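Right, one structure below, let's go through it.
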Amino acid sequence: MKTPHTRIHDVLKHGRPGQEVTVKGWVRSRRGNKQVQFIALNDGSCLQTIQIVVDLQTIDAETLKAITTGACIRADGMLAASPAKGQNVEIQARELKMYGSADPANYPLQKKGHSLEFLREIAHLRPRTNTFGAVLRVRSVMAYAIHRFFQQRGFVYLHTPIITGSDCEGAGEMFRVTTLDAKTPPLNEHAAVDFSQDFFGRETALTVSGQLEGELAALALGQIYTFGPTFRAENSNTARHLAEFWMVEPEMAFYELPDNMDLAEEFLKYLVQTALDDCSVDLEFLSAHYDADLFERLRSTDGVAFERLSYGDAVELLKKSGKNFEFPVSWGCDLQAEHERYLVEECCKRPVILTDYPRAIKAFYMKGNDDGRTVRAMDVLFPRIGEIIGGSERESDHAALLQRMREMHIPEQDLWWYLETRRFGSAPHSGFGLGFERLMLFITGMANIRDVIPFPRTPKNASF
RNA sequence: UCCCCAGUAGCUCAGUCGGUAGAGCAGGUGGCUGUUAACCACCGGGUCCGUGGUUCGAGUCCGCGCUGGGGAGCCA
């Protein structure tokens, strides 16, 4: 394919001394003296910069003066073997062209490192840093790997709605979607907002999960997956929560809980292996700067079978641990972060899949076990980040599902369409949800979820 | 939402006992014949988050607010 320039990645990988090249990118640094200067240029195609050697007898000093950190330039020249350490090849500049200067007195990014907190405040410029270049490239590779994994296995990519009318997906607070006047909305006879006059003629919100729609498609197409934005209006202020995040939700007809677990484990291992295979340069940078144990942790998920434990067995292990937990453990309680961390990091020392949770602490759609008190749920727990996947076998029996909805006060009339799939040709089926940014935390070793998404949305912050 | 911590130069931070602020880097100028977050010298740079209070005097102590961070809850 003909391109207007050569990506620096390709120059560094395939370039040969003597070749004429044109590169375009952003200046990371310039240094040197009155005879010769060196420009480090990055174009985002890879972590590395290419060195452009500027002979002051070829390029005038005025042109060079404006080429400061952050400026965008084009460089034409001949590729040459580099006599110095640090790079194999460099470009002997014949001509430099300025696309956009960057006033060095005001450009926020310096040659030195910046704190991640500061970079969040300049999210419009942080993709130009080594860290975010690396993270965003890895993110792209991971997104593609997700599609590849499912496509290779015959899963159908399903687009579930972003705007939803069901307020009972049961996964948290929702963002309302409305075109009604915020100050004086129309009221009904009960002095409540009259949503029949709203755009959709009913109250609507941004989706918190595509699962219920995913189930509909799985019961027609067999195996499907979704991969799209998901919204939670929870006032969660942690390094693991976003108000807008991307979720992967496969849903499979004829999969029972063990099949579901097998798929989740294979899926995660595939993604980790892809990262190790295809992102090694970026991951090495991230490991060197943020997480020295990154590769050890990535490889620790690879060779070993995930530990599979029932909730009941996990509770027993926690009781016998001798640990003095802040929250004491007993059968029926929801496991706390400290409990999950103990199981994964100290007890099993590998990823753990917990199954068969008490039905009282899980969602209405999960299939009940014969014991009457647990459901066929599964949570995949990873070191350092906790729950990375949550899933279950779904209740496929109409009567059982309806009973459960009534017990949990789920308005059945709103989910008539969901119930109908159990009336007509129901089938055993299962699925799970993977938080894409949680995966990214694990893959990149970054500590804060706001640093693995380009434009984080969190309480009190929707800038950029 | 709860608990804890922080907010001082463009960035990262120091600032003792309450006495009107300092370093490194960045920036500017000059120097240097191949640098590797180049180096060396000199120079400029402050609404000490906001607000109210205590005090002769507040960056420093107290109240309230805002913002950020860590932990917890909710969850993916």
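The values are calculated or read from the model by the stated rules, or taken from the named source; none is laboratory data. Note that the coordinates shown come from a computational prediction; the quantities given were computed from them, not determined experimentally. Counting neighbours? That spans all protein chains shown, and the Cβs are built from the backbone with ideal geometry, glycine included. With ligands, DNA and RNA removed, areas are computed over all heavy atoms of the protein, side chains included. Shrake-Rupley method; radii C 1.70, N 1.55, O 1.52, S 1.80 Å.
Residue ranges A:395-401, A:351-357 sort as A:351-357, A:395-401 when ordered by packing (mean number of other C-beta atoms within 10 Å per residue, highest first). When a/c reaches 1.5 or more, the comparison of a/b and b/c decides; with that in mind, is segment A:315-430 rounded, prolate or oblate per its Cα gyration tensor? Judged from the Cα gyration tensor, segment A:315-430 comes out prolate (a/c at least 1.5, a/b above b/c).
In this model, which of A:Lys85/A:Lys269; A:Lys111/A:Lys269; A:Lys319/A:Lys362; A:Lys13/A:Lys269; A:Lys85/A:Lys349 are farther than 30 Å apart at the alpha-carbon? Those over the limit are A:Lys85/A:Lys269; A:Lys111/A:Lys269; A:Lys85/A:Lys349. The value of relative contact order for segment A:8-100, using C-alpha pairs under 8 Å at least six residues apart, is 32 percent.
If you take the square roots of the eigenvalues of the alpha-carbon gyration tensor of chain A and sort them as a ≥ b ≥ c, do you get rounded (a/c under 1.5), prolate (a/b over b/c) or oblate? Prolate, since a/c reaches 1.5 and a/b exceeds b/c.
Using a probe of 1.4 angstrom and keeping all protein chains present, the accessible surface of chain A works out to 48 square angstrom per residue. Which shape class applies to segment A:415-464: rounded if a/c is under 1.5, otherwise prolate when a/b exceeds b/c and oblate if not, where a ≥ b ≥ c are the square roots of the Cα gyration tensor eigenvalues? Oblate, since a/c reaches 1.5 and b/c is not below a/b.
Estimated from helices alone, the mean residue ellipticity of chain A at 222 nm is -8500 deg cm²/dmol (sum of -39500 (n - 2.57) over DSSP H runs with n ≥ 4, per residue).
Separation of segment A:391-464 and segment A:1-58, taken as the distance between their Cα centroids, equals 47 angstrom. Using Cα centres only, tell me the gap between segment A:338-370 and segment A:91-109 in whole Å. Each part reduced to its Cα centre gives a spacing of 54 Å. State the percentage of accessible surface on chain A attributable to carbon and sulfur atoms; use a 1.4 Å probe and exclude ligands, DNA and RNA. Of the solvent-accessible surface of chain A, carbon and sulfur hold 50 percent.
Mean separation of Cα pairs under 8 Å and 6 or more residues apart, divided by the residue count, gives chain A a relative contact order of 13 percent.
The convex hull around the C-alpha trace of segment A:8-100, projected and averaged over every direction, spans 5.3 square nanometres.
For helix A:398-407, report the angle its Cα long axis makes with the longest principal axis of the Cα atoms of chain A; keep it between 0 and 90° and round to the nearest 10°. The angle comes out near 90 degrees. Computed packing ranks the peptides A:76-84, A:204-212 as A:204-212, A:76-84, most packed first, by mean other Cβ atoms within 10 Å. Among A:189-195, A:224-230, A:286-292, the peptide with the highest mean count of other Cβ atoms within 10 Å heads the list, and the full ranking is A:224-230, A:286-292, A:189-195.
When the Cα positions of A:Phe464, A:Ala182, A:Gln211 are compared along the charge dipole of chain A, A:Phe464 comes out farthest toward the positive end, with charges on each C-beta of Lys, Arg, Asp and Glu.
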